[in-house]
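Only one structure is covered here, and it is reproduced in the block below.
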Amino acid sequence: MSIQKPGAESSRYFAIERAVEARGRQGGTAKEIYASVDHGCTSKEFDTALAHLKSIGSVVDRGGRIYDIRYTDRVAGRVQLTKSRDGLIRCGAAGEAGYLVKRRDLNGARSGDTVLVRPTKSRRGSVGGRLPGAVVLEILNRGAREVVGRFRLAHHSRQFMPFDPRVDLELQVVGADEVPDDCYVVVEVDYAASPRTGRVVGRIIKTLGPVAEAGVDTTVVLTHFGIPDQFPHDVLSAAATFRAHPESEEISSREDLRSLLTVTIDGESARDFDDALSIERSSKGGFRLGVHIADVSHYVVNGGRLDDEAFRRGTSVYFPDRAVPMLPESLSNGLCSLLPDVDRLTLSAFLEFDSKGKVIGSRFAETVIKSKFRLTYGEAADIIMSAPHHPVGSKAPPDSNGALRPESLTRMLRDAERLMQLLRQRRQSLGALDFDLPAGEIILDEDMQTKGIRPAEKTIAHGIVEEFMIAANEAAAHELARNETPTLHRVHEPPRAASIEKLRILLQPFGLVLPEDPTLLDPRSLRKVLLSVEGKPEEGLIGTLVLRSLSRAIYEPGSKGHFALSKNFYTHFTSPIRRYPDLLVHRQLKSLWQKKSPDDRSEDPEDLEARLPGIGQHCSSTERRAEMAERELRQWKMVRFLGDRVG
């Protein structure tokens, strides 16, 4: 089941879903369901919520009786047309294809439509192997209500060209004469109005601008993927109620780490710093690592307007020319950002490691820090790489402003490098997969136009941050699991048998072997393949093939492990400024040691546990949407940059 919104409206959806589920395979009439709903709502609110649940396929109406879809032989999913115009039905949390519908059985469904299908006994070919067949019974929700596109002269006539070529609409656009060619617009589709030609009618509701104008490409991608750009006024007002810095009463009850040497390490253009690091050597040759994460949950409380908006967005989106944050900038770049030399509220993970990098202890606490340095990846790497040439007592290389770095920072970063190497070795010995695929970084000029593309650089400092974040995420998952606290886990299941069989065949010409029995496959088998081509011309190709064979990582309540990282327990804890699941994990960690007060806004544990599948599906969906939008815009900018460099 899928719950779309938090707060009161979400509770109403959940209450109705729970009432439907309680009736099992017998189902019930709308009147019976309404009488059994344990969350007060008017009949009008009930009808609206029930209609919404039908439109997303959570419940099914069959002959006037309402059923939980899981108790029926029906499946709901979103249509994606293939090149042959057949339809893949994507119905899982990761958006994976579950069924294949032949063109003749689509019954008018188009790409993006949410449909109700009846699976058949046949198995049909598909991109990833052979999928169960299905027939579309009902179109629950038209996907292409608004279509982004432009007008171009083609085949001696002026045509509307959707931005997404998979949108199979032949539109008769009203009011198009005034719009110049190659100008992007948003067209509202009216499926009810259909002229004799059979073409669907649409009308222009917004002009986005000409394709050559700076920033229009970003606006087009944002609009096409439905990513919220501007924050509503009431959300900005809620963010504006906080002061610029934590107050003394907020600090007094926390563990005070302001005298501790803590640093942030991020990219040059980063503005939201949600993690800081500290590291000390123990008397027995081990390490004490502190991973200090912005305590966003202190400001963004459950059920508040900021929480509603953060959930709706699900994640921040990062484009070459701008970021679209999950939280208003006064929080994401200000009060919650771990800026240097200012007090910031944090939730800290303290991890104890022995001399071989094995975790021997961990704890979590509400803390306050004052970051001493804001380092870029390049600066941190330079300090580490030049450190052996500096005798004890000397200064580290200067920063970008010419100021000398203290020797304590050099020592800390060298310890961080040593611990990182130990953690990486332990992780890789378990078969964890590391992909170092070539990636291009887009360079923009002052007008936000692409002026170059360079290989994205990955330094030793990237490795430090990556390993420490993985360690903190794993520790958070273990802490919640030990205390039997329901939360969202980061789940990465083993690849499907069909995907592995396809990969096995593709690797054979390279002399690379995988087990014929896919059940015998573990991360070590794939890691062996990646290591065997390291440094060879085919390394990038093989890495891409292996990566594409893997399942998508998603958010789910159950801890099913993380295949690629070779972890039994894993969650996301380290980025609550930009990811909603991390914010939820923070709240669950706090619930372990905080006593409820009369005005506590924490969620009821039973209610949250029941809603977690829907929350996980929503967050997985917004993450996927952000990834597709970021990739689409990068490719667009690259292609336009290379457009006049043919040959």
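Specify the residue that is nearest to Asp382 (Cα to Cα); the eligible residues are those in the range 423-434 that are open to solvent by 60 Å² or more (accessible area, probe 1.4 Å) and either at pLDDT below 85 or assigned to a helix (DSSP H, G or I) (or both).
Let us first name the residues in the range 423-434 that are open to solvent by 60 Å² or more (accessible area, probe 1.4 Å), namely 424-426, 429-430.
From what's left, either at pLDDT below 85 or assigned to a helix (DSSP H, G or I) (or both): 424-426, 429.
Values: Arg424: 20, Gln425: 23, Arg426: 25, Ser429: 28 Å.
Among those that are open to solvent by 60 Å² or more (accessible area, probe 1.4 Å) and either at pLDDT below 85 or assigned to a helix (DSSP H, G or I) (or both), it is Arg424.
Considering Glu213, Glu170, which residue is among the acidic types (Asp, Glu) and at pLDDT below 80? I'd like the intermediate steps shown before the answer.
Details: Glu213 fails: at pLDDT below 80.
Selected residue: Glu170, the only one of Glu213, Glu170 that is among the acidic types (Asp, Glu) and at pLDDT below 80.
Considering the range 222-263 alone, what residues qualify as being in contact with a strand residue (DSSP E or B) (Cβ under 9 Å, 6 or more places away or on another chain) and aliphatic (A, V, I, L, M)?
Correct list: Leu222, Ile227, Ile251, Leu257, Leu260, Leu261, Val263.
Conditions (1) under 20 Å from Gly285 (Cα atoms); (2) modelled with pLDDT of 95 or more; (3) in contact with a strand residue (DSSP E or B) (Cβ under 8 Å, 6 or more places away or on another chain), marked per residue:
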residue	(1), (2), (3)
Phe364	no, yes, yes
Ile369	no, yes, yes
Glu379	no, no, no
Ile383	no, no, yes
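For residues that are surrounded by fewer than 17 Cβ atoms within 10 Å (Cβ to Cβ) and not in a helix (DSSP H, G or I), scanning just the range 521-559, find the one that is nearest to the chain's Cα centre (by Cα).
Looking at the filtered set, the residue picked out is Arg552.
Quick one: count up the residues across the range 419-467 that are within 24 Å of Glu632 (Cβ to Cβ) and among the basic types (Lys, Arg).
Result for the range 419-467: 3.
Yes or no, residue by residue, for (1) modelled with pLDDT of 85 or more; (2) in contact with an Asp or Glu (Cβ under 7 Å, 6 or more places away or on another chain); (3) more than 18 Å from Val117 (Cα to Cα):
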site	(1), (2), (3)
His39	no, no, yes
Thr48	yes, no, yes
Ser58	yes, yes, no
Tyr67	yes, no, no
Tyr71	yes, no, no
Gly77	yes, no, no
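Tally up the residues in the range 483-520 that are assigned to a loop (DSSP other than H, G, I, E, B), more than 23 Å from Pro132 (Cβ to Cβ) and open to solvent by 30 Å² or more (accessible area, probe 1.4 Å), please.
Looking only at that region, the number is 7.
Out of the residues in the range 510-533 that are in contact (Cβ under 8 Å) with a residue 12 or more places away in the chain and among the hydrophobic types (A, V, I, L, M, F, W, C), which is farthest from Glu493 (Cα to Cα)?
Phe510
List every residue pair whose Cβ atoms sit under 6 Å apart, with the two residues 6 or more apart in sequence or on different chains, where the first one lies in the range 492-507 and is touching a residue at least 40 places away in the same chain (Cβ under 8 Å) and the second, anywhere, is open to solvent by less than 70 Å² (accessible area, probe 1.4 Å) and of a type in the set (Phe, Trp, Tyr).
Correct list of pairs: His492/Phe563; Pro494/Phe563.
Can Ser259 be described as of a type in the set (S, T, N, Q), at pLDDT 95 or above and surrounded by 11 or more Cβ atoms within 10 Å (Cβ to Cβ)? Please lay out each step first, then the result.
On the way: of a type in the set (S, T, N, Q): yes; at pLDDT 95 or above: yes; surrounded by 11 or more Cβ atoms within 10 Å (Cβ to Cβ): no.
The answer is no for Ser259.
Can you tell me which residue is farthest from Leu260 (Cα to Cα) among those in the range 275-304 that are of a type in the set (Asp, Glu) and open to solvent by 10 Å² or more (accessible area, probe 1.4 Å)?
Just the residues of the range 275-304 that are of a type in the set (Asp, Glu), to begin with: 275, 280, 295.
Those left that are additionally open to solvent by 10 Å² or more (accessible area, probe 1.4 Å): 275, 280.
On the way: Asp275: 15, Glu280: 10 Å.
For the range 275-304, the residue satisfying everything is Asp275.
Being open to solvent by 30 Å² or more (accessible area, probe 1.4 Å) and either outside any loop (DSSP other than H, G, I, E, B) or closer than 26 Å to Thr459 by Cβ (or both) narrows it down to one residue among Asp382, Asp307; which is it? Lay out the reasoning, then the answer.
Numbers: Asp307 fails: open to solvent by 30 Å² or more (accessible area, probe 1.4 Å).
Of Asp382, Asp307, the one residue that is open to solvent by 30 Å² or more (accessible area, probe 1.4 Å) and either outside any loop (DSSP other than H, G, I, E, B) or closer than 26 Å to Thr459 by Cβ (or both) is Asp382.
Tyr570 versus (1) in a helix (DSSP H, G or I); (2) within 30 Å of Gly303 (Cα to Cα); (3) at pLDDT 90 or above: which is the lone unmet condition?
(1)
If you take the residues of the range 436-481 that are of a type in the set (S, T, N, Q) and over 27 Å from Gly558 (Cα atoms), which of them is surrounded by the fewest Cβ atoms within 10 Å (Cβ to Cβ)? Can you show your working first?
Filtering the range 436-481 down to residues of a type in the set (S, T, N, Q) leaves 449-450, 459, 473.
So of that shortlist, the ones also over 27 Å from Gly558 (Cα atoms) come out as 449-450, 459.
Working: Gln449: 15, Thr450: 20, Thr459: 18.
Step by step, filter the range 436-481, then rank; the result is Gln449.
The values are calculated or read from the model by the stated rules, or taken from the named source; none is laboratory data. Worth saying up front: this structure is predicted, and the values here are computed from it rather than measured. Backbone-built Cβ (ideal geometry, glycine too); neighbour counts: all protein chains shown. Each accessible area value is taken on the protein alone, full model and side chains, heavy atoms only, with ligands, DNA and RNA left out. Shrake-Rupley method; radii C 1.70, N 1.55, O 1.52, S 1.80 Å.
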